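The structure appears right after this line, and notes come after that.
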Amino acid sequence: MAMSSPLDARDREILEHLHQSAGGDIQALCELLGVTRTAVRQRISRLEGAGMIASELQSQTRGRPRLLYRVTSEGLHELGENYRELAVVLWEAIAGFEDAEIRTTLIGRVQNSLAERFRRQLVGCDSVDERLDQLAEEMKSSGFNIESDHSGGLRILRETSCPFPMLADVDEAICQVERQVLQQVLGAPVEFRSRCRDGHGCCEFQVMSTTASVQSLESSSSD
């Protein structure tokens, strides 16, 4: 649900605090902002109604459970809005290198860094199916609107919104980088089924059979 008005500095301060602290309660936010509980509750209600934070009861050793608030994936996306233009500028700078070898090397480093970041978070996953599901969960926690789908005998990663809309508008190569990152993390060939950039309602990546040849995987990575 979209907010009726844009986030202001106090809203962002709340989201950043909850994200960095892995959650917080009304009292902590009162101390952070220096305002009354009523004022905090009004902001919390608005942010929760917009789907940017969610509440949960946390049990305590003594007394009643406390209500804890955490930032949702939608809230994380909102926090990242200020950095999107910077990301476009950086990508344009990399893509603008006239030397193709330097350009390829830099893009490869970005790709490998992203792949390693997610690969480190996949623990105890022996099969592609397990890696697919855990990767979807890890990406969700990083702010991606993504889900895994095993229906119809297929392995699908589905992004309900493009994580790099401004970058994809500038250069479709970012789509290939994301596909290759998924491929590296999952250890199996990954192909596009649909892309937001092409006018579809979501980006879908199909994870191909692990029996596919190494040659096929390498060929796909070089696209």
Please give the helix 84-95 orientation as an angle from the longest Cα principal axis of the chain, in degrees from 0 to 90, rounded to the nearest 10. 20
Please tell me the relative contact order of the chain in percent, rounded to the nearest whole number, where contacts are Cα pairs under 8 Å and at least six residues apart. 14
Would you please give the residues with an amide H less than 5 Å from that of Val190, counting only those at least 5 places away or on a separate chain, with H modeled from the backbone geometry? Met208
Quick one: Karplus J couplings for region 198-209, per residue in order, coefficients 6.51, -1.76, 1.60, θ = phi - 60°, nearest Hz, x for Gly and Pro? 8, x, 7, x, 7, 9, 10, 10, 9, 8, 7, 4
Nearest 10 degrees, 0 to 90: helix 9-20 Cα axis against the chain principal axis: 70
Quick one: compute the contact order of region 9-71, relative version, from alpha carbon pairs under 8 angstrom and 6+ residues apart, as a percent. 37
Quick one: 3J(HN,Hα) in Hz for region 178-188, Karplus 6.51/-1.76/1.60 with θ = phi - 60°, rounded, Gly and Pro as x. 4, 4, 6, 4, 4, 4, 5, 5, 7, x, 8
Taking the chain and a Cβ-Cβ threshold of 4.7 Å, the cysteines left without a partner are Cys30, Cys125, Cys175, Cys202, Cys203
For region 83-221, the dipole about the Cα centre with charges only on Cβ (Lys and Arg +1, Asp and Glu -1), to the nearest 20 debye, works out at 180
Grab the DSSP H runs of the chain that are 4 residues or longer, score each as -39,500 (n - 2.57), total them, divide by all residues and round the 222 nm result to the nearest 500 deg cm²/dmol. -15500 deg cm²/dmol
Give the residue list of trypsin sites (Lys or Arg not before Pro) in region 1-79 that are DSSP loop and have at most 15 other beta-carbon atoms within 10 angstrom. Arg62
Hey, what angle do you get for helix 100-119 against the long axis of the chain, alpha-carbon based, 0 to 90 degrees rounded to 10? 50
Would you mind listing how long the chain runs along its three principal axes, going by Cα atoms, in whole Å with the largest first? 62, 41, 30
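Computed from the coordinates by the stated procedures, all read-outs in this text should not be read as laboratory data. No experiment lies behind these values; they were computed from the predicted model shown. Methodologically, a virtual Cβ is constructed for each residue, glycine included, from the backbone with ideal geometry; neighbour enumeration extends over all protein chains shown.
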